[in-house]
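Right, one structure below, let's go through it.
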Amino acid sequence: MNKYIFLLIAMISSVEMADAQSQIAFKVSFSEPQAHYADVEMQLSGNKKDFIDVKMPVWAPGSYLVREFSKNVEGFTAKGTDNSSLPVQKLNKNTWRVNTGGKSAVRVSYRVYAFEISVRTSFIDESHAFLSPTGIFMYVDGQVRQPSTVTIEPYKSWKKVSTGLEPVKGKTNTFYAADFDILYDSPIEVGNQDVFEFQAAGVRHEVAMYGGGNYDKTRLQADMARIVEEETAVFGENPNKHYVFIVHNYQSSGGGLEHLNSTVLGASRLNYNTEKGYKGFLGLVAHEYFHLWNVKRLRPIALGPFDYSNENYTTDLWVAEGFTAYYDNLMLRRTNAYTPEKYLDVLCEDITIVENQPGSKVQPVTESSFDAWIKYYRPNENSKNTTISYYNKGALLGAILDLEILNATKGEKGLDDVMKAMYDEYYKKQKRGYTSAEFKAMAEKISGLSLDNFYKDYVNGTAPLNYNVHLGHAGLTLVNENEGKNAASVGVVTALKEGRLVVTTVLRGGAGWTSGVNVNDEIIAADGYRTAAQVDLDKILASKRAGEKLSLLVARDGLMKTIEVTLTADNTGKFHIEGDKNASPEQLLVRKKWLKL
């Protein structure tokens, strides 16, 4: 009997909760775009509560930093259908309580200041509006599962709206989101962007270019389509019907942010006709598009459903971001944008970063992932000594794991098979995120290997990566061109600031570290010779050897100070990868499978 009473109470509670849900419609207009403002109206109907708590997210998924978007909100008001003002109380930094007095319909209005250029923050001026949704749209506390509509009222001469949101039939510039996770994953570009399309993997792709540039549409359509096809082949399906690339072209820009069926890319408008610039853009396309699967659908269990008011912690960004960073360059190889030799050179760039950063011996990549909120996105002068990027090291772990699987299965399987199996099992079948243990178990199942040492040493530990063991499976060798040299080093990183040679980092264990050189010291002279730039210091060091003395004259806080430095050997690595001319057929098979020869 008690069981049935409990079920009845639960059913009644569920109905009451459903009745209490609001119907939500947004309208965004731009009365003063030149002053960088969006005017937002939030219509709430179907309310049956005495108050509604309305919240602004504090972060944007994919960018692991609390950005306090509510700092840009002003003029928050609420009115009933009779236009009467309703009392509003701010409860905390990102929550406003509207006392409805039992009114079923409420109109919330507020303005958002948007003047930060990045792929994760909104920006508005007289030429266009880029709306990053977590910094524009508020949600009703406890109702992130509710659907909503968004109507955009473009400013004067603005003619186009580009977004991954589904349009509402019969309503101009009105779009629908099934819940707030989808709304917050759907950036919006409003203006007169140059729009072109291409078809790939059975999906219509829209490219919305803002800011002009020397890009070749025909070339981009072909090359971007090849990337889409190759990445879709990894997972066996493309889950979208429509995908949008929003590209912001500035004098100097970069970076990207992934979304469910769109991405935002930053690019330098005049770099498309240079080899480095164009391939760099394609690499960015490959990275963000791969996220369509890896992280947006195949995700660590902590990354969804999201808590938009607090940090969402995971130790697996080395997979979510790092493996994506591995695949972005690999996709340029698979589409022949990179030659095999060029791909190996690019891989060496990640090796150089990891090997030349003292923090790689301090911070495990799992900790790097977990502490992204306070370390990766908030670097300081000591970060090189204490941290390592889950992008760079994660990419190398992806390459190592790929080579290990290829070797263990005689080229029959690779990391592709792990990624597809994980996608099928946890996104398609179980419809949830994966745990660290589940990812490890799947990789072991596919490879037939025990990955206990891989995880103990490389993932959860800081043991040196044994590149030549892993590259050796493909008959390749990593060569450090600086090995055996006895070049002298002060062990500091410098920069020219207003014509002054200033120390920006003191590297752990180096000569400057042990001799007491400080960040912000201005190096005025070395051994009595003026050092106006790093090249001057390098010339003096060229005649020195490790163990010798160097007298530095520095200015610190307005005082002159002489520091006697005992120079250490420069252990900065410079790497390239060579092929073994006597590689075995088994090694050549792994190389062929890995590099798609």
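The values are calculated or read from the model by the stated rules, or taken from the named source; none is laboratory data. Just so it is clear, the model here is predicted, and its values are computed rather than measured. Cβ sites come from the backbone with ideal geometry, for glycine too, and all protein chains shown count toward neighbours. The area values use the complete protein model at the heavy-atom level, side chains included, leaving out ligands, DNA and RNA. Shrake-Rupley method; radii C 1.70, N 1.55, O 1.52, S 1.80 Å.
For region 478-498 and region 353-367, what is the separation of their C-alpha centers, rounded to whole Å?
Value for the Cα centre distance between the two parts: 18 Å.
Take the Cα gyration tensor of region 278-347, multiply each eigenvalue by 5, square-root it, and list the three semi-axes largest first, rounded to whole angstrom.
Details: eigenvalues 165, 25, 17 Å².
Semi-axes, largest first: 29, 11, 9 Å.
Between Rg and the Kirkwood Rh of the chain, both from Cα atoms, what is the Rg to Rh ratio? Write down the numbers at each step before the final one.
On the way: Rg = 27.4 Å, Rh = 26.9 Å.
Value, to two decimals: 1.02.
So, R0 is 35 Å and r is the distance between the beta-carbons of V519 and D457; what FRET efficiency does that work out to, to 0.05? Walk me through the numbers before you get to the answer.
Values: r = 32 Å, r/R0 = 0.91.
Efficiency, from the Cβ-Cβ distance: 0.65.
Out of the total accessible area of region 259-343 (probe 1.4 Å, heavy atoms of protein only), what percent is carbon and sulfur? Mind dumping the intermediate values first?
Working: 1240 of 2460 Å².
The nonpolar share, carbon plus sulfur, comes to 51 percent.
Calculate, in nm to one decimal, what L597 and Q199 gain on full extension: separation in residues at 0.36 nm each, minus their alpha carbon distance.
Result: 140.6 nm gained on full extension.
So what's the projected area for region 189-306, the Cα convex hull averaged over all directions, in nm²?
On the way: hull surface 30.6 nm².
Orientation-averaged projected area of the Cα hull: 7.6 nm².
For the chain, find the longest principal axis of its Cα atoms and tell me its angle to the long axis of helix 585-595, 0 to 90°, nearest 10.
Helix 585-595 sits at roughly 50 degrees to that axis.
Indicate the gyration tensor shape class of region 317-443 (rounded, prolate or oblate), computed on the Cα atoms with a ≥ b ≥ c the square roots of the eigenvalues: a/c under 1.5 is rounded; otherwise a/b larger than b/c is prolate and the rest oblate.
Details: a/c = 2.06, a/b = 1.22, b/c = 1.69.
Cα axes put region 317-443 in the oblate bin.
Tell me, what is the per residue accessible area of region 259-373 in Å², probe radius 1.4 Å?
Using a 1.4 Å probe on heavy atoms only, each residue of region 259-373 averages 30 Å².
Per residue, what accessible area does region 106-178 have, given a 1.4 Å probe and all protein chains present, in Å²? Could you put the intermediate results ahead of the total?
Numbers: 3050 Å² over 73 residues.
That works out to 42 Å² per residue.
What whole-number value in Å² describes the accessible area per residue of region 515-597 for a 1.4 Å probe? Please list the in-between numbers first.
Details: 4920 Å² over 83 residues.
Solvent-accessible surface per residue comes out at 59 Å².
Charges on Cβ only, +1 for Lys and Arg, -1 for Asp and Glu, centred on the Cα centroid of region 428-494; of V492, N460, I446, which one is farthest towards the dipole's positive end?
Working it through, the farthest residue towards the positive pole turns out to be I446.
Which value, in nm² and rounded to one decimal, describes the direction-averaged projected area of the C-alpha convex hull of region 89-212? Please list the in-between numbers first.
Working: hull surface 40.8 nm².
Dividing the Cα hull surface by four gives the mean projection, 10.2 nm².
Tell me, what % of the accessible area of region 487-597 is carbon and sulfur with a 1.4 angstrom probe?
It is 51 percent, rounded to a whole number.
Evaluate E = 1/(1 + (r/R0)^6) for V493 and E564, where r is the Cβ-Cβ distance and R0 equals 25 Å; express this FRET efficiency to the nearest 0.05. Write out the running numbers ahead of the final one.
Working: r = 20 Å, r/R0 = 0.82.
It comes out at approximately 0.75.
Quickly estimate the mean residue ellipticity at 222 nm for the chain, helices only: each DSSP H run with n ≥ 4 gives -39500 (n - 2.57), and the total goes over all residues, rounded to 500.
-8000 deg cm²/dmol
Just to confirm the number: angle between the C-alpha axis of helix 2-20 and the first principal axis of the chain, 0 to 90 degrees, nearest 10?
For helix 2-20, the angle is close to 90 degrees.
What FRET efficiency would be calculated for the residue pair N92, Y250, taking the C-beta separation as r and a Förster radius of 41 Å, to the nearest 0.05? Could you put the intermediate results ahead of the total?
Details: r = 35 Å, r/R0 = 0.86.
That gives a FRET efficiency of 0.70.
Quick check: residue separation of E153 and R378 times 0.36 nm, minus the Cα distance between them. What number comes out in nm? Write down the numbers at each step before the final one.
Details: separation 225, 0.36 × 225 = 81.00 nm, distance 3.63 nm.
My answer for the length gained is 77.4 nm.
Per the Cauchy relation, a quarter of the hull surface: what is the mean projected area of the convex hull of the alpha carbons in region 98-156, in nm²?
On the way: hull surface 23.0 nm².
So the mean shadow area of the Cα hull is 5.8 nm².
Give the distance, in whole Å, between the Cα centre of region 438-471 and the Cα centre of region 72-88.
Going from one Cα centre to the other spans 56 Å.
Mind jotting down the distance between the C-alpha centroids of region 227-289 and region 92-110, whole Å?
A separation of 39 Å, based on Cα centres.
Using only Cα atoms, tell me the angle between helix 275-290 and the longest principal axis of the chain; keep it within 0 to 90° and round to the nearest 10.
It works out to around 50 degrees.
Hey, which lysines would be in cross-link range of K159, C-alpha to C-alpha under 19 Å, not counting anything within fewer than 8 residues on its own chain?
Counting by Cα, and skipping residues close in sequence, K159 has these lysines nearby: K27, K169, K171.
Which entries of K485/K561; K420/K592; K241/K420; K217/K276; K361/K549 show an alpha-carbon separation above 23 angstrom in the structure shown? Don't skip to the end; give the middle numbers.
Values: K485/K561 31 Å; K420/K592 21 Å; K241/K420 20 Å; K217/K276 18 Å; K361/K549 27 Å.
Result: K485/K561; K361/K549 exceed 23 Å.
Please return the longest stretch of the chain lacking exposed loop sites, where GluC sites (Glu not before Pro) count only if DSSP places them in a loop and at most 16 other Cβ atoms lie within 10 Å. If you can, show how the numbers build up before the last one.
Working: sites that count: E68, E126, E237, E311, E381, E412, E481, E483, E498, E548.
The answer is 127-236.
In units of 2.2 N^0.38 Å, what is the alpha-carbon radius of gyration of region 430-543? Each step should come with its number before you reach the end.
Details: Rg = 22.6 Å, N = 114, 2.2 N^0.38 = 13.3 Å.
So region 430-543 has a normalised radius of gyration of 1.69.
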